[in-house]
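**Student:** Sharing a structure with you now.
A short reminder: the numbers here are calculations on the coordinates, not readings from a lab. On a predicted model such as this, the values are computed, not experimentally measured, just so you know. Neighbour counts are summed over all protein chains in view; Cβ atoms, including those assigned to glycine, are modelled from backbone coordinates with ideal geometry.
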Amino acid sequence: MPSVEVNIPIIVIAGPTASGKSGLALALAEKLNGVVINADSMQVYKDIPILAAAPSTEDQARVPHRLYGIYDAAVRGNVVDWLALCRNEIASARQKNKTPVVVGGTGFYLEALISGATPIPETPPAIRQEVADIFQNEGLEELYAYLQQHDTETAARLNPHDTTRICRAVEIIKHTGLPLSYWHRQPLNNIYTAKDFACIRIKPPRDILCEYIGKRFDAMLAAGAVAETRTLIARGLSDSLPAMRALGVQELKTYLENRCTLEEAAELAKCHSRQYAKRQTTWFNRRFAADYTLPEIFSENTGAGEHFLYEIVDKLQKTHKFLAK
């Protein structure tokens, strides 16, 4: 195996939904011989490219993109699996002398990458299927009762209606024989240091972001979001699956079931998106330490965006001699 060029930074781009993260990642990857690696928990699903705002086919053709559309909507993705895949993609990029550009708005994915994750062994497919069968046949209440019996600490911490985390906690117990609370007390498993990362944050004013969120959802509707949702619903998937909880899916499902108008569904989806953006912003304020911050929506078509891009590239090339052209 070729040696890794340790001087190649891992660029991490964070920010709320609709802030231009994907555009910045693409622009940086083009200028720095990079590979864009997805860190968005919805963009991993191949069934919702429109509603998850996945990069277009044209954008993905400009530079290599990894971990987009890798799961079927029936899969329950989780941070442990994503982190293992992301680390592999970073190693592969570095071995090819390419710059890994990790981008997404899922804070706990980025935190696991930068700070490390609990050393929980990977859950075998058979265990996942066993827990899925219990959920399907006996309901979430049965799984939560099992969790209360075997891991009272985690059960008390989780919302009794949080299907994804309850299923994950039960899977861990059944696989390892140890509660999730035990694993959370173990030292974090990390293979990087702070020097490996160059962290960038997009932090636009709330009023401007809200305006962009509205415009983007209108664009999603024009691109076929209703048809995408209809196809997803036709599969009869559980509403508890992560892909079925993507922003816009449940709202448009309500419309398709004739329980509201399309205009009402769109306004509700925009409202929920604004609320989600606010939660993301709060999370990044508290838990994401950025080396560089852009205080507006990123766009290559503005002077400010072009200047920010030039500034970041210049600083990275000075700090990491490998990047210099």
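**Student:** Volume per residue, Å³, of the convex hull around the alpha-carbon atoms of region 75-158?
**Tutor:** 135
**Student:** For S56, S181, what ranking results if the residue with the fewest other Cβ atoms within 10 Å of its Cβ goes first?
**Tutor:** Ascending number of Cβ neighbours within 10 Å: S56, S181.
**Student:** Something else: Cross-link partners among lysines for K195, C-alpha distance below 28 Å, same-chain residues fewer than 8 apart left out?
**Tutor:** Straight-line reach from K195, under 28 Å: K21, K31, K96, K98, K203, K315, K318, K321, K325.
**Student:** What's the local net charge at G23, with K and R +1, D and E -1, over the other residues with C-beta under 10 Å away?
**Tutor:** So the surrounding residues net to -1.
**Student:** Arranged by the count of other C-beta atoms within 10 angstrom, fewest first, what order do R94, R206, R66 take?
**Tutor:** R206, R66, R94
**Student:** Let me ask another. Count the net charge of all other residues whose Cβ sits under 12 Å from the Cβ of Q148, scoring Lys and Arg as +1 and Asp and Glu as -1.
**Tutor:** Net charge around Q148: -3.
**Student:** For Kirkwood radius over Cα pairs in Å, several values are listed as (1) 21.0; (2) 20.1; (3) 23.9; flag the one computed from this structure.
**Tutor:** Calculated Kirkwood radius over Cα pairs in Å: the matching label is (1).
**Student:** Right, next: Tell me the GluC sites (Glu not before Pro) within region 21-94 that lie in a loop according to DSSP and have at most 10 other beta-carbon atoms within 10 Å.
**Tutor:** none
**Student:** Using only helices, what value at 222 nm comes out for the chain when you add -39,500 (n - 2.57) per DSSP H run of length 4 or more and divide by the total residues, to the nearest 500 deg cm²/dmol?
**Tutor:** The per-residue figure over the chain is -16500 deg cm²/dmol.
**Student:** I would also like to ask the following. Which order results if H307, H175, H65 are arranged by neighbouring Cβ count within 10 Å, fewest first?
**Tutor:** H307, H175, H65
**Student:** Looking at region 125-184 from every direction and averaging, what is the projected area of its Cα convex hull in nm²?
**Tutor:** 3.6
**Student:** Give me the one-decimal nm value for the distance between modelled label points at D133 and K321, 7 Å along each residue's Cα-to-Cβ direction.
**Tutor:** Spacing of the two 7 Å Cα→Cβ label points: 6.0 nm.
**Student:** Shifting gears a bit: Quick check on the chain: of the DSSP beta bridges with both residues there, what percent are antiparallel, nearest 5%?
**Tutor:** 5
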